[in-house]
Amino acid sequence: MDLFDRLLEIPITVVLIIGGYQFYFWCQRQTFYAPRYLPMAWDARIGFDPRWVWVYSGLYYPMILLAALAQPSWADYARTVGGFLVLLAGQMVFFLRFPVAIPIDWRDNPTVAAARYVHPRSMRFLDTVWHYDKLRNSMPSMHVSVATMVDLTISARWPWFGLGGWLFPALIGISAIKTKQHYLLDVPAGAVMGVAAYAAWSFAWPS
């Protein structure tokens with residue numbers, strides 16, 4: 001791709017990200033099945049820290065753009081988009097048929113109230129995330145599954161990235177539980193789904 005292609009690729013990717021999340025939000029509004037709650041003792045031991053929202057959302061989206069920019073041609077870009085659509089389809093199946101929700105008191109408790117005074121900027125950012133992201137669609141973690149697929153996608157093009165690329169999904173996983181967006185179990189579930197979708201698409205459409 002030349003410079004014009006790269007400049008065009010960025011807004012196309014942004015539109016695809018925004019469009020993909022409309023399916024996520026649509027799933028949250030559906031009530032075909034009652035959600036399950038899966039709190040465990042481990043979750044109670046993990047402290048809330050709103051500062052991790054800067055990783056959860058601030059690092060997450062630029063890395064998706066990087067995965068797009070790692071593609072050498074429009075054909076490779078189309079193949080990559082197809083893989084993420086497969087991942088989105090798998091996520092929607094789980095969100096609609098096996099909905100899992102986090103407890104409402106994770107977002108309304110004395111610890112969260114105190115954080116509004118201690119870390120006001122981080123809480124304003126996290127409040128914005130919470131405004132759009134409701135309690136359902138917890139398992140598997142969409143953030144972790146996408147981050148895992150981003151890591152595999154970039155590493156396939158830039159092998160050197162794989163040496164430390166695993167840090168990206170690891171940081172997203174930590175941020176998901178430190179911001180109380182997810183149960184601890186949602187993190188490995190998301191990673192497994194990301195690997196499975198990437199492997200299935202790579203087998204169906206090898207590069």
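The values are calculated or read from the model by the stated rules, or taken from the named source; none is laboratory data. Since the structure is predicted, the reported quantities are computational estimates derived from the model, not experimental observations. Note: ideal-geometry Cβ built from the backbone for every residue, glycine included; neighbour counts use all protein chains shown. We work out accessible area using only protein heavy atoms, side chains counted, and drop any ligands, DNA or RNA first. Shrake-Rupley method; radii C 1.70, N 1.55, O 1.52, S 1.80 Å.
Listed values, structure above:
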quantity: Burial ranking of peptide ranges 103-110, 52-59 (average Cβ count within 10 Å, highest at the top); calculated: 52-59, 103-110
quantity: Inter-probe distance in nm under a simple model that places probes 7 Å from Cα toward Cβ, at Arg116 and Leu38; calculated: 3.1 nm
quantity: Debye log10 I(q)/I(0) at q = 0.15, 0.21, 0.22 Å⁻¹ for the range 91-207, Cα point scatterers; calculated: -0.74, -1.15, -1.20
quantity: Mean accessible surface per residue for the range 71-207, computed with a 1.4 Å probe while every protein chain stays in place, in Å²; calculated: 47 Å²
quantity: For q = 0.21, 0.26, 0.35 Å⁻¹, Debye-computed log10 I/I(0) when each Cα of the range 41-83 counts as one equal scatterer; calculated: -0.72, -0.88, -1.08
quantity: Cβ-derived FRET efficiency at R0 25 Å, Asn109 paired with Arg45, nearest 0.05; calculated: 0.95
quantity: Residue-count net charge about Gly47 - beta-carbon cut-off 14 Å; Lys, Arg +1, Asp, Glu -1; calculated: +2
quantity: Cα gyration tensor, the range 1-75 - rounded (a/c under 1.5), prolate or oblate; calculated: oblate
quantity: With every protein chain in place, the chain: carbon and sulfur % of accessible area (1.4 Å); calculated: 73 percent
quantity: Full-stretch length increase - Tyr61, Ala89 - with 0.36 nm per residue and alpha-carbon distance subtracted; calculated: 8.1 nm
quantity: The chain, relative contact order in percent, only Cα pairs under 8 angstrom and at least six apart counted; calculated: 32 percent
quantity: Simple label model, 7 Å out from Cα along Cβ direction - Thr31 to Leu3, nm; calculated: 5.5 nm
quantity: Listed residues Ala41, Ala197, Ala189, most fluctuating in the chain (Gaussian network, C-alpha, under 10 Å); calculated: Ala41
quantity: Helical contribution to [θ] at 222 nm, DSSP H n ≥ 4, -39,500 (n - 2.57), averaged over the chain, rounded to 500; calculated: -21500 deg cm²/dmol
quantity: Packing rank of 61-73, 24-36, where each peptide gets the mean count of other beta carbons within 10 Å, highest leading; calculated: 61-73, 24-36
quantity: Most positive-pole-ward Cα, Val129, Ala89, Phe4, against dipole of the chain from beta carbon charges; calculated: Val129
quantity: Distance cut-off 28 Å, percentage of C-alpha pairs in the chain lying past it; calculated: 28 percent
